[in-house]
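Enquirer: Pasting in a structure now, in structure tokens, and then I'll have a few things to ask.
The values are calculated or read from the model by the stated rules, or taken from the named source; none is laboratory data. The structure displayed is predicted, hence computed values, not measured ones. Quick reminder, even Gly has a Cβ in these numbers, built from the backbone with ideal geometry, and neighbours come from all protein chains shown. Remember, those area values only see protein heavy atoms, side chains included, never the ligands or the DNA or RNA. Shrake-Rupley method; radii C 1.70, N 1.55, O 1.52, S 1.80 Å.
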Amino acid sequence: MNWINNVVRPKIRSFLNKKETPDNLWVKCPVSGEMVFYKDLEANQWVVPGSGHHMRIKGRDRLASFFDGGVYEEISMPEVAHDPLKFRDTKRYSDRLRDNRNKTGMEDAVLAGEGHVLGHKIVACVQDFDFMGGSLGMAAGEAIITAMDQALAHKLPFVMFAASGGARMQEGVLSLMQLPRTTVAVQRLREAHLPYIVVLTNPTTGGVTASYAMLGDVQIAEPGALIGFAGARVIEQTIREKLPEGFQRSKYLHEHGMLDMVVHRHNLRDIIGSLVGILTKQPMSEQFASKPPKPGLGSDAEDPSTDVSGDDDLLIAPPEAAHAE
Amino acid sequence: MQSYLDFEKPVAELQGKIEELQKLGDTGEAVEIDEELERLQSRAENALADIYAKLTPWQRTQVARHPQRPHFSDYVGHLISEWVPLSGDRKFGEDHALITGFGRFNGEPVAVMGTEKGSSTKSRIKHNFGSARPEGYRKAARIMDMADRFDIPVISFVDTSGAYPGVGAEERGQAEAIARSTEKCLELGVPNISIIVGEGGSGGAIAIATANRVLMLQNAIYSVISPEGGASILWRDAGKAKEAATAMKITAEDLMEFGIIDGMIKEPAGGAHRHMETVMDATGKEIAAFLEEFSGKSREDVREHRREKFLAIGKSLM
């Protein structure tokens with residue numbers, strides 16, 4: 001069965017939807033307005049080279065760019081009950097699911113893989129916003145639990161790349177129940193003393209932030225990511241006030257104690273590799289052994305203007321590889 | 001630029017003369033200055049040694065607060081590799097006065113935390129002059145919790161005049177945060193070592209200095225309140241800080257005698273700010289010796305050792 005899921009289906013799918021030339025060869029940066037050739041973006045992990053704006057990245061691209069040499073073994077995900085509410089809004093939920101599966105080539109919003117990062121074995125899980133806004137339903141919840149259980153079984157650190165609009169409305173309260181269910185899996189990681197690192201990406205909102213996405217031993221966010229529980233529009237309408245600039249963005253969360261650091265996408269591998277190596281008490285990676293102590297790790301890549309020269313360079317220098325690659 | 005403390009005036013004058021002479025030498029006006037220079041230099045060195053051999057507690061306080069003294073970030077830069085700072089209390093804010101993170105000491109994983117005073121006007125404001133708020137102590141407790149879970153020893157560097165006194169800090173439970181952090185220190189099943197490198201100011205210090213081994217730099221001070229604070233409470237005059245500094249017994253030598261600290265790290269004449277590397281290397285050696293000694297001890301033993309140590313304080317003075 002797994003073999004059919006993992007090998008046959010993707011093959012059929014890739015045969016059916018041959019990789020077409022994208023509609024837009026040029027992508028406009030939403031921040032600076034500059035036009036970037038999509039191949040350049042792809043090569044730069046979907047970070048706009050000029051403005052440093054972090055665009056959304058597809059789940060599989062994320063895993064491939066995260067693991068050493070792009071090599072990982074995808075974890076096969078269990079089947080879950082299909083549309084138990086027989087839900088219908090403007091469209092039947094089952095049709096919506098089918099459309100999204102065809103569009104993304106994924107079964108649901110969550111993918112996971114096991115591979116190496118700077119030589120350390122890790123299980124990483126990613127939510128793909130392209131699949132129904134990365135929403136958390138039974139399939140996504142079960143996938144996260146499955147991935148965490150694999151980390152538990154193999155005694156490996158776990159990295160979660162969160163991106164989600166929140167709970168999947170089409171599954172009603174069954175989707176709400178994924179909050180405590182995934183939390184059980186997080187607790188089991190903690191009890192087994194396995195590091196759990198969360199990377200919040202743009203956007204991570206709603207119920208997802210009220211469960212596994214905020215329970216990491218280490219909380220990292222990508223620059224400029226929208227992270228929050230209640231949507232800005234809902235808050236504005238409730239309190240009838242204009243919200244401050246940068247509200248619910250990663251820098252704001254960092255200043256409010258919710259994050260350990262804001263890290264440029266290009267530096268995630270180094271930081272997470274370091275952290276995992278230290279927390280699992282592995283010998284220092286050769287990459288760091290050959291180099292002098294690397295100051296500035298984990299600094300706020302988003303805002304170099306907070307820089308204070310002098311003694312503080314060590315603590316807040318911008319990451320050296322910010323524009324490498 | 002070396003800045004001089006009041007009581008270092010004779011040294012400053014000699015140093016001034018030396019510099020003048022050197023300038024003359026550069027212009028080629030003076031002929032035989034080498035001998036004179038040498039003589040002046042050795043006089044300056046002797047004067048410095050004399051002064052530092054008999055520092056009063058109040059003078060020590062000034063050395064402990066010297067702006068050029070090595071700070072938390074200097075120790076981390078010198079002793080820790082692969083440094084990954086972690087921030088935030090996950091409740092309210094990020095406190096730049098108390099810095100925490102993980103890294104490697106001699107290649108081995110360690111958790112590191114400490115108060116940072118900053119060393120330029122801008123960075124001092126950013127670090128709130130080393131006075132932490134509840135967020136700082138809650139972050140420290142969080143990092144200790146992680147260190148304990150992942151079986152990683154904890155090193156702390158203390159340099160604070162005290163926890164920040166402010167309305168917000170009180171509202172958010174400054175006292176509770178300090179109490180919890182101290183409690184977390186005592187709970188640790190992993191060994192912890194604390195070094196008072198500058199000022200060890202009261203509760204703000206003890207929150208991260210309740211350790212299996214507590215060391216002090218020779219010119220550091222450690223007390224229940226700053227000399228100024230003590231003077232204003234007991235003499236009702238902050239100007240009596242000099243007297244308070246002496247009366248309160250705040251120097252490393254005094255605290256060794258009382259059994260409050262486990263050891264003292266010597267500073268060469270002239271203080272840590274004139275011999276940064278030497279002092280930081282010596283500190284590193286002490287940390288290495290401690291970690292070596294405590295490696296292999298069971299979690300119960302480590303915890304029991306710490307508890308017994310603090311319960312025993314004061315008993316020997318009867």
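Enquirer: For segment B:242-253, which positions are surrounded by 18 or more Cβ atoms within 10 Å (Cβ to Cβ) and not β-branched (V, I, T)?
Expert: Once the filter is applied, which keeps residues that are surrounded by 18 or more Cβ atoms within 10 Å (Cβ to Cβ) and not β-branched (V, I, T), segment B:242-253 yields B:A244, B:A245, B:M248, B:A252.
Enquirer: Considering segment A:143-168 alone, what residues qualify as being at negative phi and without any contact (Cβ under 8 Å) to a residue 40 or more places away in the chain?
Expert: A:D149, A:A153, A:F158, A:R168 - these are the residues of segment A:143-168 that are at negative phi and without any contact (Cβ under 8 Å) to a residue 40 or more places away in the chain.
Enquirer: So, one more: Among the listed residues A:L97, A:L136, A:L174, A:L156, identify the single one that is open to solvent by 20 Å² or more (accessible area, probe 1.4 Å) and of a type in the set (A, V, I, L, M, F, W, C).
Expert: Step by step, each of A:L97, A:L136, A:L174, A:L156 is checked, and only A:L174 is open to solvent by 20 Å² or more (accessible area, probe 1.4 Å) and of a type in the set (A, V, I, L, M, F, W, C).
Enquirer: Does segment A:55-71 contain any residue that is in a strand (DSSP E or B) and modelled with pLDDT of 95 or more?
Expert: Checked against the condition, which is being in a strand (DSSP E or B) and modelled with pLDDT of 95 or more, segment A:55-71 yields no hits at all.
Enquirer: For A:S211, are the conditions met, namely being polar (S, T, N, Q) and crowded, with 24+ Cβ neighbours inside 10 Å?
Expert: No, not satisfied.
Enquirer: Which one of the conditions (1) surrounded by 21 or more Cβ atoms within 10 Å (Cβ to Cβ); (2) in a strand (DSSP E or B); (3) not hydrophobic (A, V, I, L, M, F, W, C) does A:T182 fail to meet, given that it meets all the rest?
Expert: (2)
Enquirer: Looking at B:R307, B:R303 in this structure, which one is surrounded by 18 or more Cβ atoms within 10 Å (Cβ to Cβ) and at pLDDT 95 or above?
Expert: Of the residues listed, the single one that is surrounded by 18 or more Cβ atoms within 10 Å (Cβ to Cβ) and at pLDDT 95 or above is B:R303.
Enquirer: Counting only residues that are β-branched (V, I, T) and either assigned to a loop (DSSP other than H, G, I, E, B) or in contact (Cβ under 8 Å) with a residue 24 or more places away in the chain (or both), which one in segment B:59-88 is surrounded by the fewest Cβ atoms within 10 Å (Cβ to Cβ)?
Expert: Ranking the qualifying residues of segment B:59-88, first place goes to B:I80.
Enquirer: B:D50: over 21 Å from B:K266 (Cβ atoms), free of Cβ contacts under 8 Å to residues at least 40 places away in the same chain and not basic (K, R), yes or no?
Expert: Taking the combined requirement at face value, the residue does not satisfy it.
Enquirer: Something else: For segment A:104-133, which residues satisfy the criterion of being touching a strand residue (DSSP E or B) at 6+ places or on another chain (Cβ under 7 Å) and either buried (at least 24 other Cβ atoms within 10 Å of the Cβ) or of a type in the set (V, I, T) (or both)?
Expert: Within segment A:104-133, A:A109, A:V110, A:L111, A:A112, A:I122, A:V123, A:A124, A:C125, A:V126, A:Q127, A:D128 meet the criteria.
Enquirer: Tally up the residues in segment A:72-94 that are touching a residue at least 24 places away in the same chain (Cβ under 8 Å) and either buried (at least 17 other Cβ atoms within 10 Å of the Cβ) or part of a loop (DSSP other than H, G, I, E, B) (or both), please.
Expert: Result for segment A:72-94: 13.
Enquirer: Among the numbered criteria (1) modelled with pLDDT under 90; (2) under 30 Å from B:R104 (Cβ atoms); (3) among the charged types (D, E, K, R), which one does B:K285 miss?
Expert: Against the list (1) modelled with pLDDT under 90; (2) under 30 Å from B:R104 (Cβ atoms); (3) among the charged types (D, E, K, R), B:K285 comes up short only on (1).
Enquirer: Could you pull out the residue among B:P85, B:P153, B:P134 that is within 7 Å of another protein chain (Cβ to nearest Cβ), more than 21 Å from B:T251 (Cα to Cα) and not hydrophobic (A, V, I, L, M, F, W, C)?
Expert: When all the criteria are applied, what remains is B:P85.
Enquirer: I need a count of the residues in segment A:41-57 that are under 15 Å from A:A162 (Cβ atoms) and open to solvent by 60 Å² or more (accessible area, probe 1.4 Å).
Expert: 1
Enquirer: Filter segment B:97-135 for residues that are touching a strand residue (DSSP E or B) at 6+ places or on another chain (Cβ under 8 Å) and within 16 Å of B:E183 (Cβ to Cβ) and give the result.
Expert: If the condition is that a residue be touching a strand residue (DSSP E or B) at 6+ places or on another chain (Cβ under 8 Å) and within 16 Å of B:E183 (Cβ to Cβ), then B:M113 is the only one that fits.
Enquirer: Would you be able to tell me the number of residues in segment A:77-114 that are on the phi > 0 side of the Ramachandran plot and among the small types (G, A, S)?
Expert: Going through segment A:77-114 one residue at a time, the tally reaches 1.
Enquirer: What number of residues in segment A:230-259 are within 14 Å of another protein chain (Cβ to nearest Cβ) and in contact with a helix residue (DSSP H, G or I) (Cβ under 8 Å, 6 or more places away or on another chain)?
Expert: Number of matching residues: 3.
Enquirer: Another one. Criterion first (polar (S, T, N, Q), out of contact with any Pro (no Cβ under 7 Å at 6 or more places or on another chain) and either over 22 Å from A:A221 (Cα atoms) or at pLDDT below 95 (or both)) does A:Q150 satisfy it?
Expert: yes
Enquirer: Just one of (1) closer than 19 Å to B:V76 by Cα; (2) under 16 Å from the mean Cα position of the chain (by Cα); (3) in a helix (DSSP H, G or I) trips up B:E267, so point out which.
Expert: With respect to (1) closer than 19 Å to B:V76 by Cα; (2) under 16 Å from the mean Cα position of the chain (by Cα); (3) in a helix (DSSP H, G or I), B:E267 is out only on (3).
Enquirer: Does any residue of segment A:143-159 turn out to be of a type in the set (A, V, I, L, M, F, W, C) and part of a strand (DSSP E or B)?
Expert: yes
Enquirer: Let me ask another. Step by step: first the residues of segment B:59-82, then only those that are touching a Pro at 6+ places or on another chain (Cβ under 7 Å) and not acidic (D, E), then the one that is farthest from the other protein chains (Cβ to nearest Cβ). Which residue is that?
Expert: Ranking the qualifying residues of segment B:59-82, first place goes to B:T61.
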